[in-house]
Amino acid sequence: MTAFSLESGQIAWCAELRTLAADHLRPLVDKGEPGHVNRPLVAELGRLGLLGRLFTSGALDLCLMRESLAQVSTEAETALALQGLGAHPVHAHGTTAQRERWLPRVAAGDAVAAFALSEPGAGSDAAALALRADEDGSGGWRLTGEKCWISNAPEADFSTVFARTGPAAGARGVTAFLVPADRPGLTGTPLDLLSPHPIGTLAFDAVPVTTDDVLGEPGHGFRVAMSTLNLFRPSVGAFAVGMAQAALDATLAHTTRRTAFGGPLKDLQTVSHQVAEMALRTEAARLMVYAAAAAHDAGAPDVPRRAAMAKLLATETAQYVVDAAVQLHGARALQRGHLLEHLYREVRAPRIYEGASEVQRAVIAKELYREAAQDRPMGTETA
């Protein structure tokens, strides 16, 4: 863990988190069924006070939690992150009644949350939402449609659901709803993915919601979604950095003790230079993640660009580092149950979810041109 930009208390906290993950969280991983919510693990995250920190910490603390947990247990990290993603809209935009009902249960690890934005036809293009919220004549709506690739679905106790309440296209006319799992007409199916996290679909068959279920303001749900993603995108990068660091640590140990061609692998220049490149990229990604998180906490105007840059660089870096680690370990890293076999499956998805790498590049370019237009005085354009 780098000391740059971190205070001694933060460094000590990260070490404590890694110890907690090793002693209390990693032993619970096997108690869960792959592809389903591991409720004992979620409950332990609550007992340790980590879920409660989701609602009292800034973006940098969130990044430190996710990076530290990921170095020891990606399953514990993911359980924490999915709770935060699903419950943050309630914390930031919910009514007093919504917060009082759900947030204490989330913090205790008793209630599981989901963030339901993506759809079969609206993944990277989140503004293309098709889930309909039709007025029911009594001041409420009926939700009809499908959500796909949803965190903790279909086992979550409640979901933050984004639906189209108006005729406007794109981001306009989208409303965020808090939908408890026991609403009539709400069903779901788990998905079997490369890395077996609790991800699934949600089907809405005229699911009733009322004004009491609205998060934020009607018609402004896209703001709820984007504010949540701006907070969590740097922390996705932190998750990736944690995986890269775990792969780097394993590679340092392996190339030190493994002998080949008359000596330890680390004495081969091609190996040592590869390890140096892995460390260089990991540290660069870490610093960009920290910078984006600090900008978010400071209320900087360029958070969307910084968050996109951090997620893009960190997730692409982690893919490179884990792949290089597998190469340096050789065939043993491909064996089921090896740390790097696990990381190799884990590291692929973050380049897609919460905005694929291509989407991050689009966000970065859009923000750069917007900032350039603001800085350029009228009439100063050149051919």
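For the range 267-315, how many residues are closer than 21 Å to residue 7 by Cβ and not in a helix (DSSP H, G or I)?
3
Considering only the range 83-94, state which residues are aliphatic (A, V, I, L, M) and surrounded by fewer than 24 Cβ atoms within 10 Å (Cβ to Cβ). Show your work before the answer.
Taking the range 83-94 as the starting set, the residues that turn out to be aliphatic (A, V, I, L, M) are 85, 87, 90, 92.
Matches in the range 83-94: 90, 92.
Out of 49, 121, which single residue is more than 20 Å from the chain's Cα centre (by Cα) and surrounded by fewer than 16 Cβ atoms within 10 Å (Cβ to Cβ)?
Matching residue, one of 49, 121: 121.
Listed here are the residues, each with its yes/no results for (1) in contact with a strand residue (DSSP E or B) (Cβ under 6 Å, 6 or more places away or on another chain); (2) over 17 Å from residue 311 (Cα atoms).
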residue: 68; (1), (2): no, no
residue: 76; (1), (2): no, yes
residue: 79; (1), (2): no, yes
residue: 85; (1), (2): yes, no
residue: 103; (1), (2): no, yes
residue: 114; (1), (2): yes, yes
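State the number of residues belonging to the range 232-285 that are surrounded by 21 or more Cβ atoms within 10 Å (Cβ to Cβ) and either touching a strand residue (DSSP E or B) at 6+ places or on another chain (Cβ under 7 Å) or of a type in the set (S, T, N, Q) (or both).
Qualifying residue count for the region: 5.
Mind checking which pairs have a first residue in the range 289-300 that is aromatic (Phe, Trp, Tyr) and a second that is assigned to a helix (DSSP H, G or I) and surrounded by 17 or more Cβ atoms within 10 Å (Cβ to Cβ), Cβ under 7 Å, 6 or more apart or different chains?
290/60; 290/63
Test of understanding: among 45, 51, which residue is outside the structural domain of residue 155 (by TED's automatic domain parsing), under 24 Å from residue 291 (Cα atoms) and not small (Gly, Ala, Ser)?
51
Within the range 176-197, can you find the residues that are in contact with a helix residue (DSSP H, G or I) (Cβ under 7 Å, 6 or more places away or on another chain) and either modelled with pLDDT under 95 or farther than 25 Å from residue 125 by Cβ (or both)?
Of everything in the range 176-197, those that are in contact with a helix residue (DSSP H, G or I) (Cβ under 7 Å, 6 or more places away or on another chain) and either modelled with pLDDT under 95 or farther than 25 Å from residue 125 by Cβ (or both) turn out to be 194, 195, 197.
It is to be established whether one or more residues within the range 352-363 are touching a Ser or Thr at 6+ places or on another chain (Cβ under 9 Å), among the acidic types (Asp, Glu), touching a residue at least 60 places away in the same chain (Cβ under 8 Å) and surrounded by fewer than 18 Cβ atoms within 10 Å (Cβ to Cβ).
Yes, the range 352-363 contains a residue that is touching a Ser or Thr at 6+ places or on another chain (Cβ under 9 Å), among the acidic types (Asp, Glu), touching a residue at least 60 places away in the same chain (Cβ under 8 Å) and surrounded by fewer than 18 Cβ atoms within 10 Å (Cβ to Cβ).
Restricting to the range 171-186, give me the number of residues that are surrounded by fewer than 13 Cβ atoms within 10 Å (Cβ to Cβ) and either under 22 Å from residue 78 (Cβ atoms) or in contact (Cβ under 8 Å) with a residue 12 or more places away in the chain (or both). Walk me through how you get there before you give the answer.
First, pick out the residues of the range 171-186 that are surrounded by fewer than 13 Cβ atoms within 10 Å (Cβ to Cβ): 182, 184.
With either under 22 Å from residue 78 (Cβ atoms) or in contact (Cβ under 8 Å) with a residue 12 or more places away in the chain (or both) added as a condition, the list becomes 184.
Looking only at that region, the number is 1.
Out of the residues in the range 315-348 that are at pLDDT 95 or above and small (Gly, Ala, Ser), which is farthest from residue 303 (Cα to Cα)?
The extreme case among them is 331.
Out of 187, 255, 210, I need the residue that is more than 30 Å from residue 94 (Cα to Cα), of a type in the set (S, T, N, Q), more than 22 Å from the chain's Cα centre (by Cα) and not assigned by TED's automatic domain parsing to the domain that holds residue 35. Which one?
255
Residues 331, 318: which one is part of a helix (DSSP H, G or I), of a type outside the set (D, E, K, R) and surrounded by fewer than 17 Cβ atoms within 10 Å (Cβ to Cβ)? Walk me through it before giving the result.
Details: 318 fails: surrounded by fewer than 17 Cβ atoms within 10 Å (Cβ to Cβ).
Only one candidate qualifies: 331.
Suppose the filter is within 22 Å of residue 235 (Cβ to Cβ) and not β-branched (Val, Ile, Thr); does residue 258 pass it?
On the way: within 22 Å of residue 235 (Cβ to Cβ): no; not β-branched (Val, Ile, Thr): yes.
In short, no.
Quick one: in the range 52-69, which of the residues that are among the hydroxyl-bearing types (Ser, Thr, Tyr) and not in a helix (DSSP H, G or I) is surrounded by the most Cβ atoms within 10 Å (Cβ to Cβ)?
If we take residues in the range 52-69 being among the hydroxyl-bearing types (Ser, Thr, Tyr) and not in a helix (DSSP H, G or I), then 57 is surrounded by the most Cβ atoms within 10 Å (Cβ to Cβ).
In this structure, does residue 232 turn out to be closer than 30 Å to residue 116 by Cβ, at pLDDT 95 or above and not assigned by TED's automatic domain parsing to the domain that holds residue 76? I'd like the intermediate steps shown before the answer.
Working: closer than 30 Å to residue 116 by Cβ: yes; at pLDDT 95 or above: no; not assigned by TED's automatic domain parsing to the domain that holds residue 76: yes.
Spelling it out, it is not the case that residue 232 is closer than 30 Å to residue 116 by Cβ, at pLDDT 95 or above and not assigned by TED's automatic domain parsing to the domain that holds residue 76.
The values are calculated or read from the model by the stated rules, or taken from the named source; none is laboratory data. Nothing here was measured: the structure is a model prediction, and the numbers come from that model. As a convention, Cβ positions derive from the backbone with ideal geometry for all residues, glycine included, and neighbour counts pool all protein chains shown.
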